[in-house]
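Notes follow the structure.
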Amino acid sequence: MAATGSKKVIYAALAGNALIAVTKFFAAAYTGSSAMMSEGIHSLVDTGNQGLLLHGLKKARQPADEKHPFGYGAELYFWSFVVAILIFAVGSGISIYEGVQKILHPHPVTSPIVAYVVLGLAIVFEAGAWWIAYKEFSKVRGRQGLLQAVRDSKDPAVFTVLFEDTAAMLGLLVALSGLLAAQYLGLPWLDGAASVAIGVILAATAAFLAYETKGLLVGESAAPEVVDTIRAVVEATPTVSRLNEIRTLHRGPEDVLLALSVDFQDNLTVGKVEEAIYALEIAIKQRFPIVRRVFIEVQATRHHEEMLAASKSRDTDTH
């Protein structure tokens with residue numbers, strides 16, 4: 001997904017969450033609702049998270065330099081992982097703490113109508129932000145299911161906001177249910193139970209996002225269709241005898257590093273091999289602009305197999 005799409009989603013969520021957070025905190029102070037306080041903390045954390053994602057997008061655009069020769073694309077992955085940790089540590093932790101305190105020391109919510117109005121407005125605003133994130137994500141997921149599309153996505157900015165907004169919508173519904181139950185059943189501790197439930201929702205969301213962004217941080221290959229097409233382009237080249245190996249690595253959502261081991265025909269001159277390598281690089285980059293760097297190793301197939309066998313032997317000895 002292009003950075004412009006990511007920014008659109010993040011800015012929409014940032015504006016909505018900032019306004020909602022202020023409103024929720026006002027309502028929490030006025031009504032004494034623990035669930036409302038948890039929701040205010042949730043929106044405040046989300047606001048900060050969107051700021052971190054924007055920071056990650058900005059850092060990722062920095063050009064490569066001597067210290068970071070492959071660029072800063074992975075900055076976005078790092079800051080997305082930090083967002084997941086913050087959702088768990090701050091949003092979930094404080095919500096559960098607030099809820100437990102309310103359960104242990106229950107007190108009735110004053111002026112619940114204020115809380116209902118705030119929650120109703122928050123649901124409307126969150127639904128708008130969620131819809132923007134969902135539409136942007138749907139542009140690239142095609143016919144894939146939502147979870148599978150997230151698993152395959154290399155742009156954590158949009159799916160992080162999408163899942164944050166989904167958690168926010170669920171949290172609002174839980175807070176509303178808790179307030180209604182506390183008021184009409186005369187059980188103030190249910191407001192605290194709703195706060196604990198919100199914390200659990202945030203913890204589950206954080207765990208899922210941390211797992212997905214960890215894979216991107218460690219390093220994921222390009223999509224299978226990209227790898228297969230590159231393989232077909234190389235193998236269809238008349239001067240290529242065999243493609244020994246192909247490896248790809250996402251350094252960012254729109255930044256793929258490609259390494260190839262190619263066995264060219266033996267009757268080629270050095271100049272012909274150089275021309276063939278240049279033509280391959282041009283063809284691959286024209287087909288896939290996200291492939292920013294291409295490294296082609298000229299290697300006889302037998303030598304490649306010998307090196308693989310030696311590498312496997314070393315790995316076996318190490319273990």
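Reachable lysines from Lys139, Cα under 26 Å, same-chain residues fewer than 8 places away excluded?
Within the straight-line limit of under 26 Å, Lys139 reaches these lysines: Lys7, Lys8, Lys58, Lys59, Lys154, Lys214, Lys285.
Which of Leu19, Leu86, Tyr278 sits closest to the plus end of the dipole of the chain, meaning its Cα is farthest towards the positive end, when Lys and Arg get +1 and Asp and Glu get -1 on the C-beta?
Of the options given, the answer is Leu19.
Counting other beta carbons within 10 Å of each Cβ, put Ile230, Ile282 in order, fewest first.
By the 10 Å Cβ count, ascending, the order reads Ile282, Ile230.
Among Val83, Val196, Val117, which one shows the highest mean-square fluctuation when the chain is modelled as a Gaussian network with alpha-carbon springs under 10 Å?
Taking springs between Cα atoms under 10 Å, the residue moving most is Val117.
Local charge sum around Val298 (other residues, Cβ-Cβ under 10 Å, Lys/Arg +1, Asp/Glu -1)?
With Lys, Arg at +1 and Asp, Glu at -1, the net is -3.
Just to be sure I follow the definition: excluding the sites themselves, where is the longest run in the chain that has none of the trypsin sites (Lys or Arg not before Pro) in a DSSP loop with at most 16 other Cβ atoms within 10 Å?
Excluding the exposed sites themselves, the longest stretch runs over 144-319.
Quote to one decimal, in nm, the extra length available between Val100 and Tyr278 on full extension: 0.36 nm per residue of separation minus the C-alpha distance between them.
Contour length minus Cα-Cα distance gives 57.6 nm.
Fewest first, what order do Tyr11, Tyr278, Tyr72 take by the number of other Cβ atoms within 10 Å?
Tyr278, Tyr11, Tyr72
When the dipole is taken about the Cα centre of region 224-318, and only Lys, Arg (+1) and Asp, Glu (-1) are charged at their Cβ, what size is it in debye, to the nearest 20?
180 debye
What does the charge dipole of the chain about its Cα centre add up to, to the nearest 20 debye, if the Cβ of each Lys and Arg holds +1 and the Cβ of each Asp and Glu holds -1?
Result for the chain is approximately 560 debye, rounded to the nearest 20.
Can you grab the distance from the C-alpha centre of region 212-291 to the C-alpha centre of region 23-50, Å, no decimals?
50 Å
Which value in Å does the Kirkwood hydrodynamic radius of the chain take, with 1/r averaged over all unlike C-alpha pairs and then inverted?
Evaluated on the chain, it is 22.3 Å.
Are there DSSP H segments in the chain that both extend 30 Å or more along their axis (alpha-carbon positions) and score a mean Kyte-Doolittle hydropathy of at least -0.5? List them, or say none.
Going by DSSP H runs, the hits are 3-31, 34-60, 112-141, 156-185, 189-218.
Which listed residue (Ala35, Leu52, Ser221) has the Cα farthest towards the positive end of the charge dipole for the chain, taking +1 on Lys and Arg C-beta and -1 on Asp and Glu C-beta about the Cα centre?
It is Ala35.
Rounded to a whole number of µm²/s, how large is the Stokes-Einstein D of region 224-318 at 37 °C and 0.692 mPa s, given Rh as the Kirkwood radius over C-alpha pairs?
So the translational diffusion coefficient is about 230 µm²/s.
In the chain, what percentage of the DSSP-assigned beta bridges are antiparallel, given to the nearest 5?
60 percent
Bear in mind these aren't lab numbers, they're just calculated from the coordinates by the rules spelled out. Because the structure is a prediction, the values reported are computed rather than measured. Virtual Cβ from ideal backbone geometry, glycine too; neighbours counted across all protein chains shown.
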